Amino acid sequence: MRMLAVALVMSLAPAPVAPELVALGDSYAAGLGAGDEATDDCRRSPHAYPELWARRNGASLVFAACAGARTGEVAGQAEQITPSATLVTITAGGNDAGFGDVMTTCTLNGDDECVQRVDVAVRFIKDELPGRLDALYGAVRDRTKTEVVVLGYPRLFSFETWCLMSGRKREAVNRAADALAEVTADRAAAAGFTYADVRQPFDDHGVCAEEPWLNGLVLVPVDRSYHPNRAGHESGYLPALTAATSLIHAT
C-alpha cells in the first residue's frame, strides 16, 4: 500500500521545467559573421552563441536578436520574453555608439580621422549610453524575474602580425571596446544582471591574429566584416555564457 502511495505521488509530481533561452540583442547576438546566416534583415546564424547554448543545454530558444538593432529596438525585443523563460541573454549598445560608422571611417580614412571618430564614440559611450542601457535593462526586468546575462563585445584587433589597420587605428578601436565594456558591465551590475566579459578570451584571436575569431574586412557580404566568426561564437562567446550561468547556479 505504501509503495502504491509513493508511486501515486510520483505520478502526480510536475515534470521538470525544460529550460528556455530568450536571446536579445544586435548582430553580435544574432551571429552575423558566423556563416549560414538567414537572408532577411536580422541575419541570424545557426552558429550564433544562443543557438549553441540552447542545443548544448537541451533548451528551447526564442531568438529575438536582430542585426542593426540599437538599445531601443532591443527593448522592443523584450516583448518576446515569455513566462516560461529560464534565461535571458543580451548583447547591445555597439550600434548606439556608431560601431558601423567607426569601422567604415577607420577602414577608408587615415589615422587622424579614425582616432577622431573613435573619440566621438567614446564620449557617447560614457555620456549617453548609460541611460540607454538603463532603459533597456529596465524594460527587460519589467518583463521577467528570471536570470539575465549581459554579454559584452571583444576588442577587435590583435597586434601579432601585419594588419590592414595601422597600429594607431587598432589601439583607438580597442580603446572604444574597453570603454564599451566598462560602461556595459557597470550598468548591468546596477540592474542586478550578470555580466560576461569576452575581451580576455578574444585577446589573442582578434582581427590580424594568426587564428582570428573575428572577421576582418569581408567584401562579400560586407556586413560580416568585424564580427565574430564561427570559432568566435564556439570558443569565445559560448564558454563565456556557460561560465556565467554556472556562476549564477553556484550562488
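The values are calculated or read from the model by the stated rules, or taken from the named source; none is laboratory data. Owing to the predicted nature of the structure, the values given are computational and were not obtained by experimental measurement. Neighbour counts are summed over all protein chains in view; Cβ atoms, including those assigned to glycine, are modelled from backbone coordinates with ideal geometry. What goes into the accessible areas is simple: the full protein's heavy atoms, side chains included, and nothing from ligands, DNA or RNA. Shrake-Rupley method; radii C 1.70, N 1.55, O 1.52, S 1.80 Å.
Roughly to the nearest percent, how much of the accessible area of the chain is carbon and sulfur, given a 1.4 Å probe? List each step's numbers first, then the result.
Numbers: 6530 of 11890 Å².
Using a 1.4 Å probe with all protein chains present, the chain comes out at 55 percent carbon and sulfur.
So what is the relative contact order for the chain, in percent, with contacts set as C-alpha pairs under 8 Å and at least six apart? Don't jump to the answer; show the numbers that get you there.
Details: 471 pairs, mean separation 52.5, N = 251.
Here the relative contact order equals 21 percent.
Convex hull over the Cα atoms of the chain, averaged projected area in nm²? Please list the in-between numbers first.
Details: hull surface 60.7 nm².
Mean projected area for the chain: 15.2 nm², to one decimal.
For the chain, find the longest principal axis of its Cα atoms and tell me its angle to the long axis of helix 238-250, 0 to 90°, nearest 10.
Approximately 40 degrees, to the nearest ten.
Restricting to the chain, compute how many DSSP beta bridges are antiparallel as a %, nearest 5.
On the way: 1 of 18 bridges.
Antiparallel bridges: around 5 percent, rounded to the nearest 5.
So if I place +1 on the C-beta of Lys and Arg and -1 on the C-beta of Asp and Glu, and nothing else carries charge, what would the dipole magnitude of the range 112-251 be about its Cα centre? I want it in debye, nearest 20.
On the way: 16 positive and 20 negative charges, 71 e Å.
My answer is approximately 340 debye.
Could you tell me the extents of the range 129-251's C-alpha atoms along the three principal axes, largest first, rounded to whole Å?
47, 29, 25
With a 1.4 Å probe and all protein chains left in place, how much accessible area per residue does the chain have, in Å²? List each step's numbers first, then the result.
Numbers: 11890 Å² over 251 residues.
It amounts to 47 Å² per residue over the chain.
Which cross-chain or sequence-distant (5 or more) residues have an amide H under 5 Å from the amide H of Ala69, H modelled 1.01 Å from N in plane?
Ser27
For the range 61-157, just run the numbers: alpha carbon Rg, then divide by 2.2 N^0.38 Å, N being how many residues it has.
Working: Rg = 15.5 Å, N = 97, 2.2 N^0.38 = 12.5 Å.
Ratio of Cα Rg to 2.2 N^0.38 Å: 1.24.
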